[in-house]
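Student: Quick one: this structure, given as structure tokens, is what I'll be asking you about.
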Amino acid sequence: MSLDPEDWGAVRALGQRMLDDMLAWQQTVRERAPWQPVPEEVKARLDEPAPRNGMALADVYEIFRRDILPYPTGNLHPRFWGWVMGNGTPTGLLADMLAAGMNCHVAGFDQSAAVVEKRVLAWMKELMGFPEAASGLLVSGGTVANLNGLLAARTVKAGFDVREEGVRAGPPLTVYRSSETHSWILKACETMGLGRRAFRRVPVDAAYRVDVSAMRAMIAADHAAGLRPFAIVGTAGTVNTGATDDLPALRALADETGLWFHVDGAFGALAAWSARRELVAGQESADSLAFDLHKWGYMPFEVGVVLTRDATAQLAAFQAPEAAGAPAYLRSVRQGIGREATYFADRGLQLSRGFRALKVWMSLKEQGAARIGAAIERNIEQARYLASLVRGHAELELLAPVALNIVCFRYAPRAVPETALNALNQAILAELQLRGIAVPSQTTLDGRFAIRVCVTNHRSEDGDFAALAEAVPALGAELLAAAQSPPRPS
Ligand SMILES: *Cc1c(COP(=O)(O)O)cnc(C)c1O
């Protein structure tokens, strides 16, 4: 008995309805609140044991429509600016559907999906200014892309065979990055068995860029102490404020010290596709560059990219060496379906891999890098516009320079003491989200709670930012008034 439907006609009709529904849902996204909580009764309904016996697909779909579809993260909405998320596009939706339909296994093989992934990687190199001979891989996202780059760095720069001997066989390995580097680096150091102590946290300047001379001094001190520094990590677009490190200076420091230079450009790297590419200048000189297309590339989750300048370094980090005994069932015989020499599974952690490349290929074919770049440029302008609204409002305060697409600000009327501002702004942020006005997120800068707006949203209009700049002081005044009025009898 196969799992295929008995009545293909019914599934086809239902599938067509699903597609219609999803396209309509994306088209009308602005009409709904950016976010609303999952009601308790919905959670209760979904809390059921593993189904032993099935039900009709049409009934399952009705449950999806009632209990699942209405309660998403909200990142498709034009007023969603929290954390760093992308919005997807109808093209991305359709491409993911087509890729799921083909259900290719993209470890390698002589197949169209591998040809397309190779082409997409070539485009990424071209658009990011990497040499044609560089290597690369599509992965789940920035965390894995960054880990991939750092594993190549470790393999090449450790000075001993870490893969064979393990990290204990040599001096402690250390990696240098700023206090603003995203927390992927902690997971990476833990996962690589280096321990969190391996990452050296270098202070930043007033613009949240790494202090390069402090980094130089730390590397020298660690060398002198018998440690083995192996990599420098720069960031193009930090999560907190959107700052970009002085990447040319970090490249020079890496050359001077013989270290690997990795750049985390999870979202910032995409600025290179826009007319404002000077904002991330220097990232193209990295030994490895990690970035996401599911953030500022506006493609659906999940898709991240790692590019590695020296193609042999990526293979050195992941390919099973013959001596280590690549298992017979994976050894490639260059014939038949295995004729194709590009074996993506030799470039990263995953063996079974899906056809992520299709949504990238389709989005670029349809929109072109110029159109995506124009949307990125508009987001940079919108961040500046919001910052100008904040500066122009007596009761709003900008908390960090706006270097790229992130605005950190707060409601700070003179009458309210500094000690009360953090709680007040936290309450304003919660109200913005709960009332369905907008979804910024938060950060804390020098102890000050900031409402943080990250613009990686191709659906936002200027009016959305104007609405936010009006809502924040209005909510602030409302919350202050409510706190001053005597509590109502309960
Ligand atoms: C999002 C992000 C990451 C992690 O990427 P994921 O795709 O979420 O795994 C790393 N660095 C920066 C700067 C990011 O914004």
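The values are calculated or read from the model by the stated rules, or taken from the named source; none is laboratory data. Note that the coordinates shown come from a computational prediction; the quantities given were computed from them, not determined experimentally. Cβ coordinates were reconstructed from backbone atoms using ideal geometry, including for glycine residues, and neighbour counts include every protein chain displayed.
Student: Counting only residues that are assigned to a helix (DSSP H, G or I) and either within 16 Å of the ligand (Cβ to nearest atom) or of a type in the set (A, V, I, L, M, F, W, C) (or both), how many does the stretch 78-100 have?
Tutor: Number of matching residues: 8.
Student: In the stretch 181-230, how many are among the small types (Gly, Ala, Ser) and part of a helix (DSSP H, G or I)?
Tutor: Of the residues in the stretch 181-230, 8 are among the small types (Gly, Ala, Ser) and part of a helix (DSSP H, G or I).
Student: Run down 328, 286 and say which single residue is surrounded by fewer than 16 Cβ atoms within 10 Å (Cβ to Cβ) and away from the ligand (no atom under 13 Å from the Cβ).
Tutor: It is 328.
Student: Of the residues 109, 160, which is in contact with a helix residue (DSSP H, G or I) (Cβ under 9 Å, 6 or more places away or on another chain) and on the phi > 0 side of the Ramachandran plot?
Tutor: On inspection, the qualifying residue turns out to be 109.
Student: Which ones in the stretch 227-255 are touching a residue at least 40 places away in the same chain (Cβ under 8 Å) and away from the ligand (no atom under 16 Å from the Cβ)?
Tutor: 227, 228, 229, 230, 253
Student: Residues that are free of Cβ contacts under 8 Å to residues at least 24 places away in the same chain: which strands (runs of 3 or more DSSP E) entirely in the stretch 378-490 hold 1 or more of them?
Tutor: 396-398, 439-445
Student: If you don't mind, there's one more thing I want to ask. For the stretch 44-83, name all the residues that are farther than 20 Å from residue 363 by Cα and aliphatic (A, V, I, L, M).
Tutor: Those that are farther than 20 Å from residue 363 by Cα and aliphatic (A, V, I, L, M): 44, 46, 50, 55, 56, 57, 58, 60, 63, 68, 69.
For (1) modelled with pLDDT of 95 or more; (2) in a helix (DSSP H, G or I); (3) surrounded by 12 or more Cβ atoms within 10 Å (Cβ to Cβ), each residue gets a yes or a no:
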position: 12; (1), (2), (3): yes, yes, no
position: 19; (1), (2), (3): yes, yes, yes
position: 23; (1), (2), (3): yes, yes, yes
position: 34; (1), (2), (3): yes, no, yes
position: 41; (1), (2), (3): yes, yes, no
position: 44; (1), (2), (3): yes, yes, no
position: 55; (1), (2), (3): yes, no, no
position: 58; (1), (2), (3): yes, yes, yes
position: 65; (1), (2), (3): yes, yes, yes
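Student: Would it be correct to say that residue 163 is within 16 Å of the ligand (Cβ to nearest atom), farther than 26 Å from residue 303 by Cβ and among the charged types (D, E, K, R)?
Tutor: No.
Student: Name the residue that is surrounded by the most Cβ atoms within 10 Å (Cβ to Cβ), counting only residues in the stretch 193-213 that are of a type in the set (Val, Ile, Thr) and free of Cβ contacts under 8 Å to residues at least 40 places away in the same chain.
Tutor: Once the filter is applied, the top-ranked residue is 202.
Student: Further, regarding this structure: Which one of 171, 131 is in a loop (DSSP other than H, G, I, E, B), surrounded by 14 or more Cβ atoms within 10 Å (Cβ to Cβ) and either in contact (Cβ under 8 Å) with a residue 12 or more places away in the chain or more than 16 Å from the ligand (Cβ to nearest atom) (or both)?
Tutor: Residue meeting the stated conditions: 171.
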